[in-house]
Amino acid sequence: MKLAVFSKFVAFTALGFILGSCAQTLKDTGCRAPQTPGYPEALSVSAATEMLQQSLSAFLEETSQALASNEEQLLLHKASRVRILSELSHLCFILGELGAKQDREKWFQTGRYYAELLSQEQPDRVEGHYWLALNLAGLAEVGGAGRGLRLLPVIVEELQAALALDENYNQAGPHRILGRVRCRAPCWPLSEGDLDDSLQHLRAAVKIAPENSTNHLFLAETLLQLGHDEEAVRELKRVVTCHQHALWPHGFEDDHQEALRLMTEYESGEGRGHRLEKTDSLALPGNVP
C-alpha cells in the first residue's frame, strides 16, 4: 500500500476511536449508566433528533461542570489524586469527542496532560495508560496524517499496557479499541493492521461486556472483513438488542442505526462479501463529530 493511502488512514485514526471511540461505567467514573430512551413510537425523525441533541447538550454541560469540580479537588485532596486524574483525563476525552469542533484540540491536549501525569505517577494503574491512548487518538484525528503517523505506535503501546493491567476496564475498552485498530489499519509493515488479532480482541470484548453495543458492532465488521458473513449478521442482530455504550448514554442508538444499515445491505445482496476499505473513516458509531 502506498504511503499516501496509509497517511490518509492515519488521519482518521482517532478514536474517538474507536476511537470508538469510551466513558467509564458508573462505578468507576461517576457517569450514569445508559438508559433506554423513552421516545414515543410515532415521534418524527426530526423531533427525535432534536431531543437527542438536547440530551447531548445537557450531558456535555454536566461533563464540563464535573471537570471544573475535579480540577478544584485536584488541588485540595492529594489522597484522591489517582481518582481525580483519571476522572479529568476521561472527562476531557468526552468533551473532545462530543463537544464543539473548534475545542477538540484543546480538550485532547488537556486530557493527555492529566493522563500522562497519572501514568507517570502510577504506572501500574490501567486508567492512565487507557485515557492517554484515547486522548492521543483524538489528537491523531484532529492533527492530520503527519501527527497520526507519529502517534499511532504510541497509542497501540499504551493500549497494550492497559490491556495487561485490566482487560475489563471501560466495558472491555482495551480489547475493543485494539480490535478496531487491528481491523482498520493497513497491515504490517505499513501499520498495525491484523485481522486475526482484531478478531481475537473483539471476541474477548464481547465475552467480557456482552451488553455493550459497540463491542458487537466492531466484531461484526471484522467478521465481514474476514468473509464470515453469517456470523457477522448474528452479531449485528445482537447490536440492536444492546443498550449500553462506553462513550455517552445515548451512543448505542447510533450503533443500532449502523447495524440496521449493514443488515439491510446484506439482505439486499449489496453487503455480501462486504469488505471495509482501509481508508474509510474510523469515526466510531455513536461519535457525534
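The values are calculated or read from the model by the stated rules, or taken from the named source; none is laboratory data. Being a predicted model, the structure only gives us computed values, none of them experimental. Using ideal geometry, Cβ is built from the backbone for each residue, glycine included, and neighbour counts are taken over all protein chains shown.
Quick notes on this structure:
- Single residue of L152, L247 found to be under 28 Å from D124 (Cβ atoms), surrounded by fewer than 24 Cβ atoms within 10 Å (Cβ to Cβ), modelled with pLDDT under 95 and touching an Asp or Glu at 6+ places or on another chain (Cβ under 7 Å): L152
- Residues that are assigned to a helix (DSSP H, G or I) and among the acidic types (D, E) were ranked within the range 177-217; the one that is surrounded by the fewest Cβ atoms within 10 Å (Cβ to Cβ) is D196.
- Applying the condition of being among the β-branched types (V, I, T) and in a helix (DSSP H, G or I) to the range 233-242 and asking which residue is surrounded by the fewest Cβ atoms within 10 Å (Cβ to Cβ) yields V233.
- Residues of the range 218-232 satisfying the condition of being outside any loop (DSSP other than H, G, I, E, B), touching a Gly at 6+ places or on another chain (Cβ under 9 Å) and either surrounded by fewer than 20 Cβ atoms within 10 Å (Cβ to Cβ) or among the aromatic types (F, W, Y) (or both): F218, D229
- The number of residues in the range 95-136 being in a helix (DSSP H, G or I), closer than 15 Å to N170 by Cβ and at pLDDT 95 or above comes to 13.
- Checking S191, S213 one by one, the residue that is within 28 Å of W107 (Cβ to Cβ) and over 16 Å from the mean Cα position of the chain (by Cα) is S191 and no other.
- When we screen A162, A140, A145 for residues that are surrounded by fewer than 24 Cβ atoms within 10 Å (Cβ to Cβ) and either at pLDDT 95 or above or of a type outside the set (S, T, N, Q) (or both), the only hit is A145.
- Here is the figure for the range 74-105: residues that are surrounded by fewer than 16 Cβ atoms within 10 Å (Cβ to Cβ) and over 24 Å from P249 (Cβ atoms) total 10.
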